[in-house]
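J.: The structure that follows is given in the form of structure tokens.
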Amino acid sequence: MSSSRERTKLHVALALTTLVAGSLAAVVPASGAAAATRPGAWNDSAYRGHVEVVRTSDGPADPSVLTGTVFVDRDRDSVHDRHERGLHGVVVSNGRDVVTTDTRGRYRLPAYDNMTVFITQPSGYQVPVDESNVAQFHYNHLPEGSPELRYGGIAPTGPLPDAVNFPLAESRDTQSREQHCVIAGDLQPYDKEEVGYAREGAIADLSRRDDYQGCGTLFIGDVVGDDLSLYPDVRELTKLTNGPARFLPGNHDLDFDSETAEHSFDTFRAQLAPAYYSYDVGDVHVIALNTVRYPCTPEVDNADGLRPQCDNPSTRPAYNGRIGDDQLAWLERDLAKVGRDKLVVLASHISLLNWADEGSPIHQVDQVRKVHELLQGRKAVAVSGHSHSIENMKTGDLAKGWKDLFGVEGLPFPHITAGAISGDWYSGAIIDEGYPVAVGRDGGMPGVLTLDVRGNSFRERFTVTGQDDDVQTQLGLNSPTYREWYAARQAWNDDQEGPEPQLGDQLVLDREDLTGRTWLTTNFWMGSTGSTVTVKLDRGRAQRATRTQEMRGEDQLIGAEWSDPHAAAQQLVNGGSVADRSMHLWRYELPADLAAGEHRAVVTATDSYGRTFTDVLEFQVAEQR
């Protein structure tokens, strides 16, 4: 695949004084830029329904066992009619045990209080969705309901039902070996205004796509920002999407008033999804994990000998990145039912491993080595959110600290941090399209990740909110003038004393900038090991740029010299994080003897699959600024 775009001098200059003035409209073009397709196609054919819960006055014959049937719902009424066949070999779980249905589609599972029973959707079939497109494939059993919680938790479910039956409809979309799985990181609205930002941004983009009807959208945690009363608003957003919507929990989806971990996601479970589960589409097995433990208590031991590392446990209830014992046992049993020829997509909120926050107990998962061992020999990819950054880490990549902290010598399979719909927490200036620019601390833009799958192989792509898929890079100039301003502006932001430092036109360089070392920077958001960036300056030959982080075990390079100047120039003026480090930044040093006048740099970024993306930067050299 090859694509190109021309960025005018005006567009690039938006990182400069025009950004200071708040003229951000050109950063994200009109929403029509996203590929409009058939917005009504999904709603015309979606299988809508619910799980069938059967109760009689007598109750179940054995209240210690839950039974039911997985059936093909031919008339799509969600009721298991006598003529509707049960489906053999479907995986059903109570969150601990994992069984498969018999030749008549029947299952038996041990019952216990506070369990969620769910099926693993098989390829070739689709679980029903409700009116908000939220997938319906589970039943919560909590006889007395949740303890008193601010946002309600789970209402009392009463005694065990006689049966819980799971309907399915045949589906060509989930049968296909070609899938497009949307991974949506950190929607995270803190109020209704930010719900509106999401609706006008990434959700509007998804409403114009229809390539993900089989796999759907998986929102990978921090679905809201602490205010769980916004879940109905999120459901209004998923109504606009064109495929099943699924969710996994993040640290901002917690019932913070829960005193125990077993009830910390009750409201999430009641309104959206189980805390963990799996589903199949094509040759893909998707596992949605819960990697947030709350409250985190240092005295908790684990059978594997690990102790949780808590975030400030002495000052407040805290969370950390951890997989509970029951979930870890379920994961092993779930994988045992998965063919070795399947691609396993392991999705979580907190990353198994993270580059930007390496070593932080709230940005890594305690049992990362155990998870790696469970997936040994399989084709797999881990996707996550949480850090509001984009990280495309390939097999073999290594960051300083992973070996000492986790015993990881290099990644055994790719790990991708998917960015965030909210970007840098909806920060920065509001653009004409109705949402903030929200540039991330890695220089990444808000957007969504898509895994394009053929068989059991995949290619990842990141779609910037409001942009076409060929927009994959961001260019800038890192000069001595910029670095001096960066330091001065940071100091001024701290104390607000004296005149506000002005950057001026960053695309005008003088002789001192060139002799003091100026780099043309390329932030290649999905850039990774195996990617290359070349720069063709004026009429010269294309020359390779250098990646600042090679991912070979080196420490992070942090500061103005290693920053994304396009992003940082916005952030230091308009607020938010500062892009002072990135694992996907390339630099090309401009010649010190570059002639005075106008210059044009053509930048070609090539990803690890050979897809090329072309960007253009125009700048000026003056003898004196």
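The values are calculated or read from the model by the stated rules, or taken from the named source; none is laboratory data. Note that this is a predicted model, so its numbers are computed, not measured. Backbone-built Cβ (ideal geometry, glycine too); neighbour counts: all protein chains shown. All accessible areas refer to the heavy atoms of the entire protein, side chains included, with ligands and DNA or RNA removed. Shrake-Rupley method; radii C 1.70, N 1.55, O 1.52, S 1.80 Å.
J.: Where in segment 139-231 are the strands (runs of 3 or more DSSP E), entirely inside, with at least 1 residues that are of a type outside the set (Phe, Trp, Tyr), more than 29 Å from Thr116 (Cα to Cα) and under 25 Å from the mean Cα position of the chain (by Cα)?
T.: 178-184
J.: Name the pairs: first residue in segment 57-78 and loosely packed, with under 12 Cβ neighbours inside 10 Å, second residue modelled with pLDDT of 95 or more and part of a loop (DSSP other than H, G, I, E, B), Cβ to Cβ under 6 Å, at least 6 apart or on different chains?
T.: Every condition considered, the pairs that remain are Pro63/Leu160; Ser64/Ala111.
J.: Enumerate the strands (runs of 3 or more DSSP E) found wholly within segment 449-537, keeping only those where 2 or more residues are β-branched (Val, Ile, Thr) and more than 30 Å from Arg177 (Cβ to Cβ).
T.: Fully inside segment 449-537 and qualifying: 519-524, 532-537.
J.: Would you check if there is a residue in segment 343-358 being within 15 Å of Leu411 (Cβ to Cβ), open to solvent by 10 Å² or more (accessible area, probe 1.4 Å), of a type outside the set (Phe, Trp, Tyr) and not in a loop (DSSP other than H, G, I, E, B)?
T.: No, segment 343-358 has no match at all.
J.: So which residues in segment 385-416 are touching a Gly at 6+ places or on another chain (Cβ under 8 Å) and closer than 21 Å to Leu254 by Cα, if there are any at all?
T.: Gly385, His386, His388, listed by residue number.
J.: Determine which member of the set Val573, Val533, Val508, Val603 is at pLDDT 95 or above and in contact with a Leu (Cβ under 7 Å, 6 or more places away or on another chain).
T.: Val603
J.: Taking the options Gly423, Gly419, Gly396, name whichever one is surrounded by fewer than 18 Cβ atoms within 10 Å (Cβ to Cβ), in contact (Cβ under 8 Å) with a residue 24 or more places away in the chain and at positive phi.
T.: Gly396
J.: Quick check on this structure: which one of Ala169, Ala184 is under 30 Å from Arg55 (Cβ atoms), open to solvent by less than 20 Å² (accessible area, probe 1.4 Å), at pLDDT 95 or above and not β-branched (Val, Ile, Thr)?
T.: Ala169
J.: Now a separate question. Which number in (1) modelled with pLDDT under 95; (2) open to solvent by 40 Å² or more (accessible area, probe 1.4 Å) marks the one condition that Leu240 misses?
T.: (1)
J.: Moving on to the next point. Spot the failing condition for Arg246; the list is (1) part of a strand (DSSP E or B); (2) out of contact with any Leu (no Cβ under 6 Å at 6 or more places or on another chain), and only one is missed.
T.: The one condition Arg246 does not meet is (2).
J.: Still on this structure: Kindly provide the set of residues from segment 36-51 that are at pLDDT below 85, among the small types (Gly, Ala, Ser) and open to solvent by less than 70 Å² (accessible area, probe 1.4 Å), ordered by number.
T.: Residues satisfying the conditions are Gly40, Ala41.
J.: Checking the condition open to solvent by less than 10 Å² (accessible area, probe 1.4 Å) and at pLDDT 95 or above, which residue from Asp227, Asp222 passes?
T.: Asp222
J.: While we're on this one: Restricting the search to segment 399-416, which residues are touching a residue at least 40 places away in the same chain (Cβ under 8 Å) and open to solvent by 30 Å² or more (accessible area, probe 1.4 Å)?
T.: Passing the criteria: Lys400, Lys403, Leu405, Pro412.
J.: In segment 552-577, what residues are surrounded by fewer than 20 Cβ atoms within 10 Å (Cβ to Cβ) and closer than 30 Å to Trp425 by Cβ?
T.: Glu554, Asp555, Gln556, Leu557, Ile558, Gly559, Ala560, Glu561, Trp562, Asn574, Gly575 - these are the residues of segment 552-577 that are surrounded by fewer than 20 Cβ atoms within 10 Å (Cβ to Cβ) and closer than 30 Å to Trp425 by Cβ.
J.: Turning to a different aspect of this structure: Could you tell me which numbered condition Tyr112 fails, if it satisfies all but one of (1) buried (at least 16 other Cβ atoms within 10 Å of the Cβ); (2) outside any strand (DSSP E or B)?
T.: Among (1) buried (at least 16 other Cβ atoms within 10 Å of the Cβ); (2) outside any strand (DSSP E or B), the lone unmet condition for Tyr112 is (1).
J.: Right, next: Checking Pro446 against (1) modelled with pLDDT of 95 or more; (2) open to solvent by 30 Å² or more (accessible area, probe 1.4 Å), which single condition isn't satisfied?
T.: It is condition (2) that Pro446 fails.
J.: Hey, could you check segment 538-564 for residues that are of a type in the set (A, V, I, L, M, F, W, C) and part of a loop (DSSP other than H, G, I, E, B) and say which is nearest to Phe619 (Cα to Cα)?
T.: Ala545
J.: Turning to a different aspect of this structure: How many residues are open to solvent by less than 70 Å² (accessible area, probe 1.4 Å), part of a loop (DSSP other than H, G, I, E, B) and modelled with pLDDT of 55 or more if we restrict to segment 282-323?
T.: Number satisfying all stated conditions: 15.
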